[in-house]
Amino acid sequence: MSSLKDQQSVFCPALFLTAPASGQGKTTVTAALARMLKRQGKTVRVFKTGPDFLDPQILAQASGEHVEQLDLWMAGENYCRYQFYQAAKEADLIIIEGAMGMFDGEPSSADLAATFNIPMAIVMDVKGMAQTAAAIATGLANYRDDIQVAGLIANSCSTERHRQLIEDALPENLPLLATLARSEKVALPERHLGLVQASEVRDELELRFEAGADWLVEAGLENILERFALVEFKYAELPIAEPLLKNKVVAVAKDEAFSFIYQANLLVLQELGAEVKFFSPIHDEEIPMADALWLPGGYPELHGQKLAANISMLSSMKKFAEENKPILAECGGFLYCLEDLTDLNDETHVMANILAGQGAMKGKRGCQGMQTAIFPEGEVRAHAHHRSRSFNMPEALSHGRRQRHPAPGEAMYRHNNLNASYLHLFFPSNPRAISCLFDPELTKELTDA
């Protein structure tokens, strides 16, 4: 039972970094800001808007603290409120990085900021424009009356004259917080799905974070904490999941090929009573002793040769599936379950072959967006983000339901106790359904009850 003291509001300085579009430098600025403030001895909690897996890895290393993904649709308002409240109790300040443009998506970055009354700073790449940058920032700031905009951070601002033209064109109530010169030293490494995973370039990132912190100091942002509003974060409590997986062991693939794992999902498994055992499909010889298996998303297409060469692990996967133990496979994990996978170099590699079909990295366009995963055991909120295709698949169990569009979403496949699809599931949205996926015998028990 929570004490009355625990249920009081907590006040913490907070700032929401947003932009008119993707590619403006939000993550670079957020990471640099987190590192600069960390160097000042501050405890910095950073959040990322939306279901992103890659940016949080970068921001966690920059801040030295865990980074949680927040989305009003996928996680719900109460979940977001709880995360903010917990962070505010321990942090000196909170930074939230937005997703895409300020008003893109339903819900958008602006929706999240408005819900929790957090002021926003607009990060904009101003290369090739001056007064127009001020016009765009002014339009964003005044588009809705339920948001607060603290000012503009002009990225790629080349000269003092460039800065002056932008600043003179801004209204008095929309200050120019800083101008940042273009710098290759601070740019973050990228690949086909976004930023490179932090674990792959940790040392390089350290150099870029330090350069980024210096970059902000040179721009006069050393005292930016003064721009952070003191925000009230109200008490919230999450429902505790029933221990339906008590005494069960769930093996979770985690290595350079499989790393798209919500920390929230792991916490739900633990709340459900499960013991989590991590293993590597690339480096280990077999799956650890376990009652169920979770194959999360990642980059199997970049490690196809190593995955195919680990014959012992492929045999262990086959044996696990033949024993009809529950397996949940998401996106990259789904591709690993297929017969083979053709990578970005058009080379084909043998995969686990526990689900009929082939996967291939074909074309530059893929699928992304929020969907609800439809299982007989219940609905689970999820999202898709991939540029691969699957072929020669069996009949689908169901299709995801898109958040806004009537067209069928991702195909969801079930073979015995294997559930596989491109969808990344958010376990906290339905812990009971998740329990049944990892222990199918529960389905009848819960139905009868």
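From the backbone phi of segment 227-242, what are the Karplus-calculated ³J(HN,Hα) couplings (6.51 cos²θ - 1.76 cosθ + 1.60, θ = phi - 60°) in whole Hz, Gly and Pro given as x?
So the Karplus estimates, Gly and Pro as x, are 7, 6, 7, 7, 9, 8, 10, 7, 4, 8, 9, 9, x, 8, 5, 5 Hz.
For a quick check: sort LEU188, LEU174 by the number of other beta carbons within 10 angstrom, fewest at the front.
On the way: LEU188 23, LEU174 18.
Ranked by crowding around the Cβ, least crowded first: LEU174, LEU188.
Going by how many other Cβ atoms sit within 10 Å of their own, how do HIS424, HIS385 line up, fewest first?
Numbers: HIS424 25, HIS385 21.
If I rank by nearby Cβ atoms, fewest first, I get HIS385, HIS424.
When the chain is fully extended, how far beyond the present Cα-Cα distance does VAL350 get from GLN270, taking 0.36 nm per residue of separation?
Working: separation 80, 0.36 × 80 = 28.80 nm, distance 3.32 nm.
This chain segment gains 25.5 nm when fully extended.
For the chain, with a Gaussian network of springs between Cα atoms less than 10 Å apart, report the residue from ASN417, ASN345, ASN155 with the top mean-square fluctuation.
ASN345
Hey, what do the phi angles of segment 430-444 turn into as Karplus ³J(HN,Hα) couplings, whole Hz, using 6.51/-1.76/1.60 and θ = phi - 60°, x for Gly and Pro?
Per-residue couplings from phi come out as 6, x, 5, 4, 4, 4, 5, 5, 8, 8, x, 5, 5, 4, 5 Hz.
Which Cα, out of PHE334, CYS436, HIS399, lies furthest along the positive dipole direction of segment 294-445 (beta carbon charges, K/R +1, D/E -1)?
HIS399
Calculated from DSSP H runs of 4 or more alone, at -39500 (n - 2.57) each and per residue, what is the 222 nm mean residue ellipticity of the chain, nearest 500? Numbers along the way, then the final one.
On the way: 13 runs with 133 residues, N = 449.
It comes out at -9000 deg cm²/dmol, rounded to the nearest 500.
From zero outward in steps of 5 Å, how is the percent of C-alpha pairs of segment 249-448 spread across the bins?
1, 8, 17, 22, 22, 17, 9, 3, 1, 0, 0
Classify the chain from the C-alpha gyration tensor, please: rounded if a/c falls under 1.5, else prolate or oblate depending on whether a/b exceeds b/c. Intermediate results must be reported in sequence, preceding the final value.
On the way: a/c = 2.03, a/b = 1.59, b/c = 1.28.
In terms of gyration-tensor shape, prolate.
Within 10 Å of each residue's Cβ, count the other Cβ atoms and sort TYR336, TYR299 from fewest upward. Spell out each step's value before the answer.
Details: TYR336 28, TYR299 21.
Taking fewest neighbouring Cβ atoms as first place, the list is TYR299, TYR336.
So how far, in whole Å, is the C-alpha centre of segment 269-320 from the one of segment 58-95?
If you average the Cα positions of each part, the centres end up 29 Å apart.
By how many degrees, 0 to 90 and rounded to 10, does the Cα axis of helix 54-63 deviate from the longest principal axis of the chain?
60 degrees
Can you give me the C-alpha center-to-center distance between segment 341-362 and segment 215-259, rounded to a whole angstrom?
Value for the Cα centre distance between the two parts: 34 Å.
Only the coordinates and a few stated rules stand behind these numbers; no lab work does. As the structure is a prediction and not an experimental result, all values here were calculated from the model. As a convention, Cβ positions derive from the backbone with ideal geometry for all residues, glycine included, and neighbour counts pool all protein chains shown.
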